[in-house]
Amino acid sequence: MAYKAIQYKDKYTRENGREPTIEEIAKELNVEKEEIALSFDAIQDPISLQEPVYNDGSESIYVMDQVRDSKNSDDLWAESMTIAQAMKKLSDKEKIVITKRFFDGRTQMEVAEEIGISQAQISRLEKSAIDHIKRLYK
């Protein structure tokens, strides 16, 4: 498909002095424009993630720098699995305090008011939960 599209594109460019649009190529080949775009992608040579895309002499930017996903990295995935496992080992009150404090971003006073205990108790539960997690992963 891609090679037929390229042939038509070359012919059209010679005859009309401009490149055809994907819509024009798709109409000529009697296919959807998405098929043309996918076929062009399919014939691209693969490149290494370590391939430099910019180099100013002192610093390089690589393909990996352009496509890296900081929200879904392997390290973050492993950390979230570890945190999930640790949370399972906490008491119900500790889970509530840790969730509200660190995942919901609430203050100790806000958590205390929400669950009806003192700020000092929240502080003790929080410290206990953190110590528990530290012991699990030493």
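The values are calculated or read from the model by the stated rules, or taken from the named source; none is laboratory data. Here the structure is a predicted model, which is why all the values come from computation and not from measurement. With ideal geometry, Cβ positions are generated from the backbone for all residues, glycine too; neighbour counts draw on all protein chains shown.
Observations, loosely collected:
- Counted as qualifying within region 1-113 are the helices (runs of 4 or more DSSP H) with 2 or more residues that are over 30 Å from I130 (Cβ atoms) and modelled with pLDDT of 85 or more, namely 2-16, 22-29, 33-42.
- Residues that are among the hydrophobic types (A, V, I, L, M, F, W, C), assigned to a helix (DSSP H, G or I) and either in contact with a Cys (Cβ under 6 Å, 6 or more places away or on another chain) or surrounded by 14 or more Cβ atoms within 10 Å (Cβ to Cβ) (or both) within region 116-129 comprise I122, L125, A129, listed in sequence order.
- Restricting attention to region 96-116, the residues being touching a Leu at 6+ places or on another chain (Cβ under 9 Å) and aromatic (F, W, Y) number 0.
- Residues in region 80-115 that are loosely packed, with under 12 Cβ neighbours inside 10 Å and not small (G, A, S): M81, K88, D92, F103, D104, M109.
- First in region 36-49 and under 18 Å from Y8 (Cα atoms), second anywhere and β-branched (V, I, T) and in a helix (DSSP H, G or I), Cβ under 8 Å, 6 or more apart: I36/I22; I36/I25; A37/I22
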